[in-house]
Structure formats: structure tokens, C-alpha cells
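Values quoted throughout were computed directly from the atomic coordinates according to the rules given, and no laboratory measurement underlies them. Keep in mind it's a predicted model, so treat the numbers as computed, not measured. We place every Cβ from the backbone using ideal geometry, glycine too, and count neighbours over all the protein chains shown.
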Amino acid sequence: MRMDDQRSSDNVEDRRGMGGGGLRLGGGRMGIGTIAIALVASYFLGINPLTVLDMLSGGGMPAIEQSAPPAKAPPTNDTTALFVSKVLASTEDTWNEAFRANGKRYQEPKLVLFSGVTPTACGTGQSAMGPFYCPGDQKVYIDLQFFNELKSRFKAPGEFAQAYVIAHEVGHHVQNLLGIADKVRTAQQRASKAEANALSVRMELQADCLAGVWGKRTDTMKNVLEPGDLEAALAAASAIGDDRLQQQSQGRIVPESFTHGSSAQRVKWFRTGFETGDMNQCNTFDRKVRL
């Protein structure tokens, strides 16, 4: 990607090396070490992590308040952080224009760089979760070490593959602003587990399509793509399909448990967004449309 002469975003928050903040329970603070113990215990014992935290804090657990470390901008000599900042800026330009064209106002999200764990409005974020978007604080969270995993484990190197990851999470922000996310969450509460998973798949595939829209519009506006970039993004989309991940982790594929879509579906919808550059072509919730 040709990003050297592109602007950086002012919406990047660097929490790396600052600690993970903590949870304030009943007027006291619980550190990340205690939270980690709770997460491990909950995983192996099958107990809600909040129940474990209640036990560790002495019981009587009231409302939980998560505190984040003070925000700061990433250092100017950090090339990877600079790259994702420029990618975020390109999403801002793309979606500001797209929303204006549809008579709406785009609210730019924050991008949080962290390592290990960090507090979010959606609970404690962990590097092991991979990049994610939290609608509660309208922030995208990423541990930049994920890009190493994208290259080594998923065999999807290249800057456009990395940019696709950011654009996909920003796609969830677009869904949140348009009210799609709320409708899906409400429908999932009334649905069976299989139906809820199917709705999640449609949600993720739409975010893939929106990432494709970003790619097309950004290249049209700024001519940033180079030969092989599109293939890199498609390789990343394919590498993180549910079928491929399940085959790698458990040796079998269970379609009814998919939450993000198959490799073929993820490639198809990213390509749909990229080829059309039209967010209106990303209606994965239309039952007449074949996923």
C-alpha cells in the first residue's frame, strides 16, 4: 500500500506499556493480576468470571466500573502504529463522505493500541481475543502483535491484509451508527443459539463487505493500492473463515456453530464491497440474498 504521503488520524490512543487499568469493585480497585486469575478460573471451572471476581473481592459485588489508563498518542517512530493511524484516517475520509452522501453524519471511532489486557466499556479486552470493536465506547481495540499472527499463523502477510483487519472493525462501528447492531442484538436475545449464530454470521459478513467498500473508495480517492494488495486482503479474509479455523483447531467443521462465516463467504462479501464501492450492496440481512 502507498500510504507514506497519507495523513494520520488524531483518534489513535496508545495504551501499550501503561498497564491495563483495573476494575473498581465496591470502592476498591482490583488489578489486572486478579482479573487474570478470575478469567483462568472461570475458563477451567465453567464459572462466570464476575462470580469469581465477587469471591476474590469479598462478595457483595455492586456495579462494576472499568477505568482506562490515560490516553496518549503513539510515538512517531513506531512504523506499525503510524501505518494503522493512516489506515484509520482513510476510513474516516471514506465514511465521512459516504455518510454525507446519504444525508447522515459520521462519528469517528477511536482506535486503541494495547498489549495484554485493557479495560473497555464491553468488559476486559484481551490480546487473545484478536482485534475487536466495542459499541459501548465506540472504540476499536487491537494488539499490534496480531499482525505477526496474521502473517505466521494465518499466512496472510502484507499491509493491505493488516488494513483489512482495521477496516473490518470500523465496519462494525458503521453498523453501530446505523442502528444495525442494536437490531441484531435484540433479535439474538429472542433467538435460539443456532439462530443467534446465523445472525452473527450475517453481521460479520456485512462488516467484511463494508471493509471492501472502504478499500475501493480509498483507492479511488487516493490511489493507494499496489499489485497484489487485493489478493493479500482476500487471503486474510479466507484465512479467518470459521470453517478453516475449526478445521485447524478441532479437526472438524460444524457449520451451525459458525459466528463469522466460512472462508468462501468472507471472500465473497469483501469482494462484493470492493467491486461495487457501494455500502447499499452490503445488505447481508436480505433473506433473498445468498450468503
Worksheet item: Between residue 120 and residues 5 or more places away or on another chain, which pairs have amide H atoms under 5 Å apart, with H built 1.01 Å from N, and which residues are they?
Response: 125
Practice prompt. Check each of the trypsin sites (Lys or Arg not before Pro) in segment 149-227 and keep only those in coil by DSSP with at most 13 other C-beta atoms within 10 angstrom; list them in order.
Written response: 153, 155
Worksheet item: If r is the Cβ-Cβ distance from residue 288 to residue 77 and R0 is 41 Å, what FRET efficiency results, to the nearest 0.05?
Response: 0.20
